[in-house]
Amino acid sequence: MTFIFKLKDEFQGKKKDEIAQEIKERLEKLPRLIPEIIYYEVGINSLNDPRAYDLVLISKFENLQALENYKSNEHHKQTLEFILERALDAKVVDFYS
């Protein structure tokens, strides 16, 4: 599963780069808290292209049930709420490899 996020330029007095770093740090804690996560990589966009999204999350789960368990996990729900408050847009691609 791959998510990309377009972040707000500012939220609660913090600039976009600070917001991106905060989100990255929160996301990187989840693999220690949610055993269903097999692979988890978070990246912050390094180019200043207006078409670019600001943050990417690439994750892998053993099967669909593991993904559903992840989605219903309270740590995931809290993190997702934190992100969506600070995001202008989010896109997702789910695929099996």
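List pairs: first in segment 50-66 and under 21 Å from R26 (Cβ atoms), second surrounded by fewer than 20 Cβ atoms within 10 Å (Cβ to Cβ) and at pLDDT below 95, Cβ under 7 Å, 6+ apart or cross-chain?
The qualifying pairs are S59/M1; F61/L67.
Look through I23, I38, I19 and report the one residue that is over 17 Å from I83 (Cα atoms) and either at pLDDT below 95 or out of contact with any His (no Cβ under 9 Å at 6 or more places or on another chain) (or both).
I38
I want to confirm something. Restricting to segment 1-59 and keeping residues that are hydroxyl-bearing (S, T, Y) and in a strand (DSSP E or B), which single residue is farthest from the chain's Cα centre (by Cα)?
Filtering segment 1-59 down to residues hydroxyl-bearing (S, T, Y) leaves 2, 39-40, 46, 53, 59.
Narrowing further to those that are in a strand (DSSP E or B): 2, 39-40, 59.
On the way: T2: 9, Y39: 13, Y40: 10, S59: 9 Å.
The extreme case among them is Y39.
Provide a single number: the residues in segment 68-97 that are β-branched (V, I, T) and over 17 Å from L30 (Cβ atoms). Spell out how you get there, then give the answer.
Kept after step one, since they are β-branched (V, I, T), are these residues of segment 68-97: 79, 83, 92-93.
Among the residues that remain, those that are also over 17 Å from L30 (Cβ atoms) are: 93.
Number of matching residues: 1.
Could you tell me which residue of segment 60-97 is farthest from I19 (Cα to Cα), considering only residues that are part of a strand (DSSP E or B) and touching a Leu at 6+ places or on another chain (Cβ under 6 Å)?
So in segment 60-97, the residues part of a strand (DSSP E or B) come out as 60-61, 87-93.
Within this subset, residues satisfying the condition of being touching a Leu at 6+ places or on another chain (Cβ under 6 Å) are 61, 87.
Numbers: F61: 26, A87: 9 Å.
Checking each candidate, the answer is F61.
So how many residues does segment 45-75 have that are touching a strand residue (DSSP E or B) at 6+ places or on another chain (Cβ under 9 Å), surrounded by 13 or more Cβ atoms within 10 Å (Cβ to Cβ) and not polar (S, T, N, Q)?
So the count comes out to 11.
The values are calculated or read from the model by the stated rules, or taken from the named source; none is laboratory data. Since we're looking at a predicted model, the values are computed, not measured. Neighbour counts are summed over all protein chains in view; Cβ atoms, including those assigned to glycine, are modelled from backbone coordinates with ideal geometry.
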